[in-house]
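Here's the structure we're looking at; comments come further down.
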Amino acid sequence: LPAGYGGAAEALLTSGLLWMAISAAAWAASDALRKRLAAPMGPVALGWWLSVGAFPVFLAWLVLSGASAPTTAYWPWGLGSFASTFSATLLMLAALAIADLGVASPMLALTPVCSALLAWGALGETLLRPAWVGVGLVVVGAVGLQLQGRRWRPDRGAVMMAGVALLW
């Protein structure tokens, strides 16, 4: 840091709070960009490029880390992961096309909820009380976003985005 900034700036840069804000802004910008690109490119083409775009990053990591190439046992799981990601991307683009970004995008907060519940149910992992509280708060927040007055009327795009969270 330049001289004169002192410990407060250094504390901010190392606290994680700044990085959390940067990450949140980047994800929000990414959602807005995907919503904007879906119309001119078409959702299937954009979904394909968003899904396949991770492959060069995976190859670069493979080469740079010195890891060995995936074995044949990896490919069914890897292809299943690709199919799930591609399906989620198409569903997300469809949701963004019909819903307001502020209603649909927050539903992606259900992704760690789905992960935690699947780990608990399918893998027998134990969720401690704070995890259950967190799951409950996220679910209450997601339901709260769909309230119109005192009536629960889920937005179609938000429901689709909840499906994206499950697929991811």
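The values are calculated or read from the model by the stated rules, or taken from the named source; none is laboratory data. Keep in mind that what you see is a predicted model, and the values were worked out from it rather than measured. For accessibility, only protein heavy atoms count, side chains too; no ligands or nucleic acids. Shrake-Rupley method; radii C 1.70, N 1.55, O 1.52, S 1.80 Å.
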What would the Debye equation give as log₁₀ I(q)/I(0) for the chain at q = 0.11, 0.13, 0.18 Å⁻¹, counting only Cα atoms as equal point scatterers?
-0.65, -0.88, -1.26
Heavy atoms of Leu166: accessible area, 1.4 Å probe, square angstrom to 10
100
37 °C / 0.692 mPa s Stokes-Einstein diffusion coefficient of the stretch 59-158, Kirkwood radius on C-alpha pairs, µm²/s
198
